[in-house]
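Structure record follows, encoded as structure tokens.
The values are calculated or read from the model by the stated rules, or taken from the named source; none is laboratory data. What you see is a predicted model, and the numbers here were worked out from it, not measured in a lab. For neighbour counting, all protein chains shown are included, and Cβ atoms are generated from backbone atoms with ideal geometry for every residue, glycine included.
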């Protein structure tokens with residue numbers, strides 16, 4: 001393995017990441033029905049105003065946590081993350097994942113927070129509305145407040161790892177999220193992907209309903225089909241161009257969808 005040195009260089013100068021006020025979002029909101037203005041504008045104002053630059057005490061805490069973490073990448077680039085505690089390993093995991101694909105990490109949470117229209121424009125407003133009706137951020141906040149201390153520690157380290165990455169890389173310009181919060185992971189309903197069942201109602205039908213255009217109708221009941229989606233394929237050496245065995249998961253999604261990572265800690269965690 002080739003160890004990446006300097007990942008957590010605690011002598012580096014920190015730079016404040018200024019919050020970005022997406023005024024274009026207001027232009028989009030003003031053309032929407034009043035109910036949607038209240039829902040979207042209320043979230044926009046609170047989230048934008050409350051997004052504060054990182055404090056000196058936060059940066060000091062991250063530096064101390066970073067000293068408990070090492071990230072080693074093997075010849076394939078796979079990160080091997082080691083921490084003193086499980087929480088330290090989570091901190092390193094998120095730092096490594098941000099190194100590999102920060103854009104996807106951020107977009108996942110923009111989508112789950114129902115804020116895609118703030119970066120992609122008016123066309124996504126009803127998808128955001130649908131998301132907010134199905135996934136309740138206030139419930140995630142309640143879940144976080146009621147979480148046991150061990151879980152809060154892991155969630156805080158999750159946010160700290162991403163925020164530390166942003167602070168160490170001022171050249172990275174987030175589309176929207178300039179501060180990750182520890183309750184964000186609790187927006188996900190099944191720990192992997194968003195398990196959302198809309199009973200067949202589409203975002204387009206949400207738009208028709210709020211604009212009083214067209215109709216909303218449930219789709220006809222269809223015969224059950226063979227399930228499609230997540231799958232894995234094992235390819236024998238004799239069937240591959242390289243002559244090596246291959247394992248391929250989820251060919252229906254982008255190549256980089258889930259990271260390949262090894263995590264371990266002195267508390268007993270050791271997973272790949």
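Checked across region 112-130, the condition of being within 12 Å of the chain's Cα centre (by Cα) and either assigned to a loop (DSSP other than H, G, I, E, B) or within 16 Å of residue 185 (Cα to Cα) (or both) holds for at least one residue.
Please indicate, with yes or no, whether at least one residue in region 215-223 is surrounded by 11 or more Cβ atoms within 10 Å (Cβ to Cβ), assigned to a loop (DSSP other than H, G, I, E, B) and at pLDDT 65 or above.
Scanning region 215-223, I find no residue that is surrounded by 11 or more Cβ atoms within 10 Å (Cβ to Cβ), assigned to a loop (DSSP other than H, G, I, E, B) and at pLDDT 65 or above, so the answer is no.
Residues are listed down the side, and each one gets a yes or a no for (1) closer than 30 Å to residue 212 by Cα; (2) buried (at least 18 other Cβ atoms within 10 Å of the Cβ); (3) modelled with pLDDT of 95 or more; (4) out of contact with any helix residue (DSSP H, G or I) (no Cβ under 7 Å at 6 or more places or on another chain):
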residue: 37; (1), (2), (3), (4): yes, no, no, no
residue: 84; (1), (2), (3), (4): no, no, yes, yes
residue: 95; (1), (2), (3), (4): no, yes, yes, no
residue: 134; (1), (2), (3), (4): yes, no, no, yes
